[in-house]
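So the structure is just underneath, and the comments pick up after that.
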Ligand SMILES: CC(C)(COP(=O)(O)OP(=O)(O)OC[C@H]1O[C@@H](n2cnc3c(N)ncnc32)[C@H](O)[C@@H]1OP(=O)(O)O)[C@@H](O)C(=O)NCCC(=O)NCCS
């Protein structure tokens, strides 16, 4: 079998042979297809990158049709059940599971970098009382580059390592402080005797008690949620991290861009939107009219549909189970009945079946977060904390990949050309 594509340009009759490598053709190879030498060659038009690979990656494998998600080859179901978030973070960053010594050293490093410079506290206090915590997280992660100016030396492996450790370690501190800020409560310093997830809960919820102690079922559920969000190959925010990182900027600036992308309602903001939607629907009786509105194109069923998963989202199944564990502690959220009924009706309805729309990771996660007493604005912050190792693993892969170039797409220009500029005095005369 010849691994190539023969293309005939019907405008000129010329034929071209284009190599196929790993199921792709190089878009640059199409550039040789031209009408004449003065014109740019053929390009592909792909808004939203629906069929364009931007990199080679050995981090996360997804088979959307079969509902498979693997980090470095390990199925998400096994990692969620048997591993923990910091081990998964190690796996994503380093490419393999740690030995006992490597694991202990990694946990120690992350744990002892949880504190931030006091000036960070100072500028966080400067945000308005109602500042969205994602805006605060995005700004404060970006600002870390000013506290660690050496982070711009991205060619130095030791330097890259310490910035990665810092970012994973400090993200919960920044996220928790953004939460406390909105509540007008004093910021809580990290407790390095606690696990990653429990320390985060402590910084969020600790009041006057000397030590915070979380329910182990809640701590485990939060840790699982972080694992489920840890990476998802070339999604919108990862693409943002890679795109900004391709300019060789420091990792804090690149990750801040990822946080910005995650903020949007079509990406990480979806679970917040799900909860608002469930509240608006309110009771099971209102579901049929809501579904009609979705089918008429008046709105979207948030938490349904995915660019990649067209069968089921494996993370949604694990989250449903985590829901049960959390509700055992907190009592059942009445909106769960609305969500379950919505899912049941949608999965039987031809509109959703035909379009392969299934619940995604965000459909149930919002319910868990609400049960844990997070306001909806915090949901995406939780997603960002979980996603940090994935963004950083992707950034690390990018900066070491010799095939990568600065991200700079083409455009199809549709505006006017060669207009004569008339000065304002003449135009307005
Ligand atoms: C995730 C999402 C952005 C993927 O978008 P996409 O791959 O570009 O899919 P499209 O927008 O092309 O949708 C394909 C079709 O399904 C419909 N569709 C997709 N998601 C839908 C939803 N949640 N509710 C209703 N209809 C939906 C579209 O209207 C379109 O219908 P059409 O063919 O009649 O025009 C999209 O499914 C969505 O907006 N979901 C809700 C937001 C969400 O939960 N995001 C979190 C993702 S983890």
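No value in this document is a laboratory result; all are computed from the given coordinates. Bear in mind the structure is a predicted one, so any value in this text is a computation, not a measurement. All Cβ positions, even for glycine, are placed from backbone atoms using ideal geometry, and neighbour counts span all protein chains on display.
List of remarks:
- Residues 85, 263, 123, ranked from the fewest to the most other C-beta atoms within 10 Å, line up as 123, 263, 85.
- Separation in nanometres of the label points that stand 7 Å from Cα toward Cβ, at residue 183 and residue 81: 3.4 nm
- In terms of other Cβ atoms within 10 Å, 62, 20 run from fewest to most in the order 20, 62.
- Residues residue 26 and residue 311, FRET efficiency given R0 of 30 Å [Cβ-Cβ distance, rounded to 0.05]: 0.50
- Modelled label reach - residue 35, point 7 Å along Cα→Cβ, region 1-15 residues with backbone N closer than 12 Å: 11-12
- Region 94-206 shape via C-alpha gyration tensor axes, a/c threshold 1.5: oblate
- Whether region 270-309 is rounded, prolate or oblate, judged on the alpha carbon gyration tensor where a/c under 1.5 counts as rounded: oblate
- Label point at residue 328 placed 7 Å out along Cα→Cβ; residues across region 210-227 whose backbone nitrogen lies under 20 Å: 213-227
- Highest to lowest packing among 339-347, 360-368, scored as the average C-beta count within 10 Å: 360-368, 339-347
- The stretch between residue 289 and residue 158 holds 41.4 nm of extra length on full extension. This uses 0.36 nm per residue minus the Cα-Cα distance.
- Structural size metrics of region 1-139, computed from C-alpha coordinates, are Rg and Dmax of 24.4, 68 Å.
- Region 182-205 and region 364-401: distance between their alpha carbon centers, rounded to Å: 17 Å
- Two-site label geometry, residue 12 and residue 51: point separation in nm, points 7 Å out along Cα→Cβ: 2.3 nm
- Percent breakdown of C-alpha pair distances by 20 Å bin, ordered from the shortest bin, for the chain: 23, 51, 23, 3
- Residue order for 202, 246, fewest other beta carbons within 10 angstrom first, comes to 246, 202.
- Cα gyration tensor, region 185-281 - rounded (a/c under 1.5), prolate or oblate: oblate
- Measuring between their Cα centroids, region 72-89 and region 319-355 lie 24 Å from each other.
- In this label model, residue 354 and residue 340 are separated by 3.0 nm, measuring between points 7 Å along each Cα→Cβ vector.
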